[in-house]
Amino acid sequence: MTGIDDLPVRDELRGKTPYGAPQLDVPVRLNTNENPYPLPEPLVERIAERVREAARGLNRYPDRDAVELRTELAAYLTKTGKHPVTAENVWAANGSNEVIQQLLQTFGGPGRAAIGFEPSYSMHALIARGTGTAWISGPRNEDFTIDLAAAERAIAENRPDVVFVTTPNNPTGNAVPPETVLALYEAAQAAKPSMVVIDEAYIEFSHGDSLLPLLEGRPNLVVSRTMSKAFGAAGLRLGYLAADPAVVDAVQLVRLPYHLSAVTQATALAALEHTDTLLGYVEQLKAERDRLVLELRAMGCEVTESDANFVQFGRFDDAHAAWRKILDQGVLVRDNGVPGWLRVSAGTPKENDAFLDAVRELLGSVGDTPTPPKEQNA
Ligand SMILES: *Cc1c(COP(=O)(O)O)cnc(C)c1O
């Protein structure tokens with residue numbers, strides 16, 4: 001049988017495996033940071049209405065520039081982000097993964113490099129590879145904060161064309177202080193004119209504010225967002241960015257014409273009409289996230305501070321064995337390959353109870369007590 005490596009694929013793709021969390025059929029799935037709440041019925045009705053309307057025009061190509069959608073996204077950002085933006089500042093695509101791909105096609109590519117501070121969202125590195133952009137893995141401290149001095153050195157040495165800062169970070173959950181982001185922006189610009197992309201996929205779940213106001217006077221800064229998490233619409237595939245209008249013009253050099261279908265635009269517009277209801281679910285999830293942190297700590301787990309809809313917990317001598325034992329109890333969490341740590345997405349209260357019971361059971365079994373925190377080791 002012919003395998004991938006028998007085909008004349010690009011050298012950098014040889015021997016690689018595609019991105020993907022295991023999708024196992026278990027009762028409680030808390031592994032992909034999805035929103036556990038299905039869309040409310042009135043919104044489902046509104047989507048059907050708007051899609052029916054769009055269907056009447058499907059013989060035509062959609063609005064190539066998605067102006068109505070970008071206008072509504074700008075209104076949402078202005079309302080929630082403490083910084084006014086207009087449609088000219090906003091660009092949308094099929095998931096923020098496509099936004100990131102378009103940014104790397106525009107500002108990265110062969111002979112260019114991008115940096116991220118790992119562990120972080122692994123798709124940044126994968127999309128870099130897919131676009132022929134060299135990837136530089138920047139450092140973090142032991143507690144998963146960004147080691148600013150080391151990051152500045154890495155930027156000065158490597159002079160990357162694109163810098164990714166994920167805040168709140170995935171899979172660790174912690175937010176990056178605005179001062180750190182600003183220092184990284186300054187370091188990046190000092191090395192060479194380069195783009196700094198703030199990935200705010202989880203910002204609606206944060207205790208703090210969006211970094212949107214940093215866009216003021218910084219034409220090389222981009223804030224990337226998604227409807228996959230807070231809006232509970234991972235299946236919709238709608239991501240967007242806010243930046244200087246010149247950035248929006250630049251990504252149009254690489255976007256496929258009509259990349260956002262009329263059905264996608266209609267669905268996203270319907271969801272935006274129900275923003276207040278959807279953000280109400282976000283409040284419930286934030287409370288559940290905080291409860292997970294407290295209860296895991298009470299059990300003796302180490303937990304990374306979380307501003308997202310998930311929690312990183314540990315530390316286990318063998319995180320994969322712990323992952324398996326939690327799975328054996330019908331709860332799927334994520335092993336992101338961070339040694340000693342696992343990640344759980346905040347689910348419904350019932351799902352979270354099932355997860356906490358599973359961890360309690362795991363910790364009760366011999367040999368699986370979490371490694372004591374560092375300072376107690378020393
Ligand atoms: C989930 C996630 C995204 C969302 O990607 P979509 O393509 O919009 O679904 C983007 N960035 C990070 C850090 C994420 O965790």
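Key figures
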quantity: Some residue of the stretch 190-208 being in contact (Cβ under 8 Å) with a residue 40 or more places away in the chain, within 16 Å of the ligand (Cβ to nearest atom), aromatic (Phe, Trp, Tyr) and closer than 20 Å to Val311 by Cα; calculated: yes
quantity: Checklist (1) at pLDDT 95 or above; (2) on the phi < 0 side of the Ramachandran plot applied to Gly95, failing item; calculated: (2)
quantity: Qualifying residues in the stretch 1-45 (those that are in contact (Cβ under 8 Å) with a residue 40 or more places away in the chain and assigned to a helix (DSSP H, G or I)) - the one farthest from Leu285 (Cα to Cα); calculated: Glu12
quantity: Residue within the stretch 304-313 that is crowded, with 19+ Cβ neighbours inside 10 Å and assigned to a helix (DSSP H, G or I) present; calculated: no
quantity: Only one of Leu77, Leu103, Leu58, Leu69 that is under 30 Å from Pro18 (Cα atoms) and modelled with pLDDT of 95 or more; calculated: Leu103
quantity: Test set (1) under 22 Å from Ala151 (Cβ atoms); (2) within 16 Å of the ligand (Cβ to nearest atom) - Arg218 fails condition number; calculated: (2)
quantity: Breaking point among (1) within 11 Å of the ligand (Cβ to nearest atom); (2) within 13 Å of the chain's Cα centre (by Cα); (3) surrounded by fewer than 24 Cβ atoms within 10 Å (Cβ to Cβ); (4) not acidic (Asp, Glu), for Asn174; calculated: (1)
quantity: Criterion (modelled with pLDDT of 95 or more and open to solvent by 60 Å² or more (accessible area, probe 1.4 Å)) met by exactly one of Glu12, Glu49; calculated: Glu49
quantity: Elements of type helices (runs of 4 or more DSSP H) in the stretch 46-150, at least 3 residues being out of contact with any strand residue (DSSP E or B) (no Cβ under 8 Å at 6 or more places or on another chain) and within 16 Å of the ligand (Cβ to nearest atom); calculated: 122-130
quantity: Count of the stretch 232-242 residues which are more than 10 Å from the ligand (Cβ to nearest atom) and either of a type in the set (A, V, I, L, M, F, W, C) or free of Cβ contacts under 8 Å to residues at least 24 places away in the same chain (or both); calculated: 2
quantity: Residues that are open to solvent by 10 Å² or more (accessible area, probe 1.4 Å), more than 21 Å from the chain's Cα centre (by Cα) and of a type in the set (A, V, I, L, M, F, W, C), drawn from the stretch 320-355; calculated: Ala321, Trp323, Leu327, Ala354
quantity: Count of residues meeting criterion [among the charged types (D, E, K, R) and open to solvent by less than 80 Å² (accessible area, probe 1.4 Å)] in the stretch 73-106; calculated: 1
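The values are calculated or read from the model by the stated rules, or taken from the named source; none is laboratory data. All figures in this text were calculated on a predicted structure; none of them were measured in a lab. Note that we place each Cβ from the backbone using ideal geometry, even for glycine, and neighbour counts take in every protein chain shown. SASA here: full protein model, heavy atoms, side chains in, ligands and nucleic acids out. Shrake-Rupley method; radii C 1.70, N 1.55, O 1.52, S 1.80 Å.
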